[in-house]
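A short reminder: the numbers here are calculations on the coordinates, not readings from a lab. The shown structure was predicted, so the numbers you read here are calculated from the model rather than taken from an experiment. Methodologically, a virtual Cβ is constructed for each residue, glycine included, from the backbone with ideal geometry; neighbour enumeration extends over all protein chains shown.
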Amino acid sequence: MTDFTTLTGCRLPIIQAPMAGVQDSRLAAAVCNAGGLGSLPAAMLAPEQLQQQLDNLTRATSKPFNINFFCHTPPEADPVKEQHWLSLLKPEFERLGLDNTVNTSGPQRQPFSDIQAEILEPYRPAVISFHFGLPSKPLLDRVKSWGSKVISSATTVAEARWLETQGADAVIVQGLEAGGHRGHFLRPDLEEQQSRNTLLQQVKEAVQIPVIAAGGIASAKEVEAVISQGAVAAQVGTSYLLCPEATTSPLHRDALTQARDNPGSRQTVITNLFSGRPARGLVNHLIQKFGPINQEVPDFPLAAVSIAGLRAKAESQGQDDFTPLWSGTNLSGCQDISAAELTQLLASTITRV
């Protein structure tokens, strides 16, 4: 029995990071059945999709699982800013033979709401995780009344302390190495972001609730290291992207493989171009053209709508020019092996202790 087992009911101290757009319930179920905590990202799921994915997940596993939601505040429309960004993108539209009319259809990132809670309640997940803070107190109280444990990401000590005071049962320390969206919510200043090991040590000393390490973890040795530093578990995302259970696109898989096999050929950077909020991914044409961080980009999540047409057309031609190629800094653990095998490998030194 470990602290993580007590917290979640899982045998292995491994959390598969929720990764919207590159996974569904199949990856989460595979990790759960292997003894880790599989996670289903739900922020981009319409209500009927959430219901279907929950049904699929509970049919595929009887083990504890995690459902992940966003807690951002939807932005007010800013037509002037949006049109200005489209004007900057116009040469890219013309290059691909498109007009720069925005199609607003397709999946949108939505914050956790009563609608989602209503769908979720009958399933009473062992864990519900949040990104960008926590939901309102009534929603948080509702979730906790089911017996679900609540965890959320922190990128600074101040955020970790805030999560503890607001009722989180554990905090995910998200180091700068992590792929995907930064979880910051108190301040947007990226200068305050720190490496995983530095932040883990500081947060461990600042809060009393369990701490989970995330960012740049890709091997059993690294899992063992963060647990020896006081984390109850390691959250791993990038290494799962090449697993057959992931829905990672062929273009994304190729980019990850190239970057893994040829270190230095494709760097990762933190960029706001794809969604309007800082996230780490591999450099591609859009980042090279407009720089990783551009203040002209519409607010999260509207930026994704602006480039949707460009992305679709480029991908149809086999190009990843406008595709968000989310990735952490450490690709060494990316392997085309089953999620179950990867989960067991990551926990192998812990289970031998």
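Observations on the structure shown:
- Lysines with Cα under 27 Å of K90, excluding same-chain neighbours fewer than 8 positions away: K81, K289, K313
- Qualifying lysines (Cα of each under 25 Å from Cα of K144; at least 8 residues distant if same chain): K63, K204
- Rounded if a/c under 1.5, otherwise prolate or oblate - segment 42-180, Cα gyration tensor axes: prolate
- Aspartates and glutamates with Cα under 16 Å of K149, excluding same-chain neighbours fewer than 8 positions away: D3, E121, D141, E164, D169
- Centre separation in Å (Cα based) which lies between segment 1-32 and segment 279-315: 30
- Between segment 39-98 and segment 210-264, the C-alpha centres lie 22 angstrom from each other.
- Test item: Cα-centred dipole of segment 184-292, Lys/Arg +1 and Asp/Glu -1 on Cβ, debye: 220
- Peptides 250-258, 28-36 ordered by average Cβ neighbours within 10 Å, highest first: 28-36, 250-258
- Among 175-188, 216-229, 87-100, sorting by the average number of other beta carbon atoms lying within 10 angstrom of each residue, highest first, gives 175-188, 216-229, 87-100.
- Dipole of segment 196-343 [Lys/Arg +1, Asp/Glu -1 at C-beta], most positive-end residue of A225, P250, F300: F300
- Cα gyration tensor shape for segment 151-191, rounded if a/c is under 1.5, else prolate or oblate: oblate
- Shape of segment 236-328 from the C-alpha gyration tensor: prolate (a/c of 1.5 or more and a/b above b/c, with a ≥ b ≥ c the square roots of its eigenvalues).
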